[in-house]
Every structure is written in structure tokens, then in C-alpha cells.
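One structure is given below, encoded as C-alpha cells.
The values are calculated or read from the model by the stated rules, or taken from the named source; none is laboratory data. Only a predicted model underlies this, so the values are computations on that prediction, with no experimental measurement involved. Note: ideal-geometry Cβ built from the backbone for every residue, glycine included; neighbour counts use all protein chains shown.
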Amino acid sequence: MNTMIKVVTICIFLIVVSSVAFPQEQDWEQRAKFLQISSKVESDYRNKVFLTDWVFKKSSRISRLMTNQIVTYTLQTKSPLLLLALMQVESSFDPTSISRKGALGLGQIMPKYHAEELKRVRIIKEARDLFDISTGVKAAEHIWGIKLLKAKGDIREALVRYYGARNRRYINRVLRNLRHLASKTEGL
């Protein structure tokens, strides 16, 4: 709800500024920049609303507030759509998820393999930090980045590395989520 209030406030501010900043003899270059900015704010808002609804529908274990936090933190990453697609398959967006093999949090990070790296880059201090939404998103982004780099940019190979085995069903589920999200959002 706070995000919606902020967006509405920004839009009102931009409308007021546009009426004051553009007198009768308008500078059309400035006007075009303003319209780009207001269009981006509107687009960002629509994307966030869509993504928040999508995440909420894909999980039965989290509140709207948690959904909003997951989307907010994920939108601050370099690959928000891919991370959302990945986290949906990995944990159904449950930040307290623990797999049978000991993977933790939103990105189902395996502490026995990744804890030292995540400590080295100061994302976690201890494994249970992976249950925090912000930390879980940062950890998933970091581990994904390592896997993608090792796979030389090949998303399918990076997914194999992230999962830890060749699993066609897993890869197809993540990619299907990614395609759906990409088709429904603008500019992400």
C-alpha cells in the first residue's frame, strides 16, 4: 500500500510540476522528457502490480505484504524476471522453505556449497540469514550470477548448474515462467 501511495504522490507531483514548469511557450524537448519519465513511472507501477499479483497467486503460504517485499527486492536486481521465475519453481516464494536436501529460503540455496561464498561477499553471516526476504533475493541473485558466468551466458546451462543436475522439467518450468513474465511486463 505504501508503494501505491508513493507512486500516486509522484504522479501528482509530476502533473503539478508539468503545469508550472511548462508555461505558454513550452520547451518541447523538456516536455518530451517529462512525458518519458511519467510514462516510466506508470509502466513501473503497472509492472509491480502485475508481478505482485502473479507472485501472490503462485504461493499459498505468504501474505500480500511478503509478496510486495519479494517483488520490491527482486526489482532491485539485475535480472528481476528471471529471479522471480526461478524462485517460484524453487520455493513457491516461501522464504522459510527448507528442502529435503537442506536448501534454504526463496532461492533454495545450499549452505553446504554456497555459505562460504555468501559470507565472503557479506550477503550472509550464517545460513539462517537465507530465511530473510532481502537476503534470500540477494543470495539467489549472487549464486545465479556465478552459475550464469560459469555457463558463459547460456541460461539453460546456468539453470542446470543452479539446480545441480540436468532436469528438463525444472528448466522448462523456469523458462515458461520467464516467458510469461516477459510477455506481460514492459521494459524489465
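Worth a mention:
- Pairs where the first residue, in region 59-83, is touching a residue at least 40 places away in the same chain (Cβ under 8 Å) and the second is of a type in the set (Asp, Glu), C-beta under 8 Å, 6+ apart: Thr77/Glu141; Lys78/Glu141; Ser79/Glu141; Leu83/Glu141
- Index of the failed condition, Lys101 passing every other in (1) in contact with a helix residue (DSSP H, G or I) (Cβ under 8 Å, 6 or more places away or on another chain); (2) part of a loop (DSSP other than H, G, I, E, B): (1)
- Here is the figure for region 134-161: residues that are touching a Leu at 6+ places or on another chain (Cβ under 7 Å) and either assigned to a loop (DSSP other than H, G, I, E, B) or over 16 Å from Lys78 (Cα atoms) (or both) total 0.
- Residue within region 64-83 that is within 22 Å of Ala158 (Cα to Cα), among the small types (Gly, Ala, Ser) and either part of a loop (DSSP other than H, G, I, E, B) or at pLDDT below 95 (or both) present: yes
- Residues (among the polar types (S, T, N, Q), surrounded by fewer than 18 Cβ atoms within 10 Å (Cβ to Cβ) and over 17 Å from Ala140 (Cβ atoms)) located in region 47-94: Ser60, Ser63
- Flag if Phe34 is more than 17 Å from Ile133 (Cα to Cα), at pLDDT 95 or above and assigned to a helix (DSSP H, G or I): no
- Among the residues of region 163-188, those that are of a type in the set (Ser, Thr, Tyr) and touching a residue at least 40 places away in the same chain (Cβ under 8 Å) comprise Tyr170, Thr185.
- Test for Gly107: is it in a loop (DSSP other than H, G, I, E, B), in contact with an Asp or Glu (Cβ under 9 Å, 6 or more places away or on another chain), modelled with pLDDT of 95 or more and buried (at least 18 other Cβ atoms within 10 Å of the Cβ): yes
- Residues being farther than 15 Å from Ser92 by Cα and polar (S, T, N, Q) - total across region 48-80: 4
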